[in-house]
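Input: a single structure, listed below in structure tokens.
Values quoted throughout were computed directly from the atomic coordinates according to the rules given, and no laboratory measurement underlies them. The structure displayed is predicted, hence computed values, not measured ones. Glycine gets a Cβ as well: all are built from the backbone with ideal geometry, and neighbour counts include every protein chain shown.
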């Protein structure tokens, strides 16, 4: 189990390629990008934020840790492009980082960002349940979330298992904390006008957890260089789907080079 909040670089680092910094969803592990690695690593040097299972760091703390790491990378290779990609919870973190430190990345990719979560009626109840459920019931409750997170017929059994393992690895108190962070997150409070780099928002049309397509369109209104890529049949955790290839999406939207 990870005990240190930091960025994990994949094996076989490729300093000549643009850096792809992945900010994961609520699980915080970064491991759920694994099924996308095979194609992404042909064009990017990939690293992922790893948030410990019991971590209670706030938005500012999470942002500063990523900022510190990216700044150290830029000192070593000032001309190396940085592509920041945030999924769900990580999408909110990516927006927070890019708005407050707009010069740190060259391109921004958001995959079903959870910036609409605070407006969902289940949010407060979900945080309370996660906080007080005993461990055995908490693990059982994660099973009930699967239909909201994925389209089962589009996700392999191995990836479904990986998702469940990632979810149960987060402690109930940390899950409640991350839900409370989403409840605090307000898109309108960020200086989004400072984000001038190209932004790609990937949105799932069959997302049962959040209104991701509507939210993608709402975010795009704030960002002058934003465009959206819609996945009509995909669920919230679309990067686990067999037919979804993030590399192909980036290529089709001219996002492979920064």
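Values computed for the structure shown
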read-out: For peptides 203-212, 109-118, sequence by mean Cβ density within 10 Å, most packed first; value: 109-118, 203-212
read-out: For q = 0.25 Å⁻¹, Debye-computed log10 I/I(0) when each Cα of the stretch 176-258 counts as one equal scatterer; value: -1.26
read-out: The chain: angle of helix 59-76 to the longest principal axis, Cα-based, in degrees nearest 10; value: 30
read-out: Burial ranking of peptide ranges 83-89, 166-172, 182-188 (average Cβ count within 10 Å, highest at the top); value: 83-89, 166-172, 182-188
read-out: Chain lengthening between residue 5 and residue 148 when straightened (0.36 nm per residue, less Cα-Cα); value: 48.7 nm
read-out: Peptides 215-222, 152-159 ordered by average Cβ neighbours within 10 Å, highest first; value: 215-222, 152-159
read-out: Angle in degrees between helix 135-149 and the longest Cα principal axis of the chain, rounded to the nearest 10; value: 60
read-out: Order of 26, 37 - criterion: other Cβ atoms within 10 Å of each residue's Cβ, fewest first; value: 37, 26
read-out: Nearest 10 degrees, 0 to 90: helix 89-100 Cα axis against the chain principal axis; value: 40
read-out: Theoretical ellipticity at 222 nm over the chain - DSSP helices of four or more residues, -39500 (n - 2.57) apiece, nearest 500; value: -12500 deg cm²/dmol
read-out: DSSP beta bridge pairing in the chain, given as percent antiparallel to the nearest 5; value: 15
read-out: Relative contact order of the chain, defined on C-alpha pairs under 8 angstrom at six or more residues apart (%); value: 23
read-out: Extension gain (nm, one decimal) between residue 80 and residue 218, 0.36 nm per residue minus Cα-Cα; value: 46.6 nm
read-out: Percent RCO, i.e. relative contact order, over the stretch 48-113, from Cα pairs under 8 Å lying at least 6 residues apart; value: 34
read-out: Whole-number D in µm²/s for the stretch 1-125 (Stokes-Einstein; Kirkwood sum over Cα pairs; 25 °C, 0.890 mPa s); value: 165
read-out: Segment residue 242-residue 158, length gained on full extension (0.36 nm per residue, minus Cα span); value: 29.2 nm
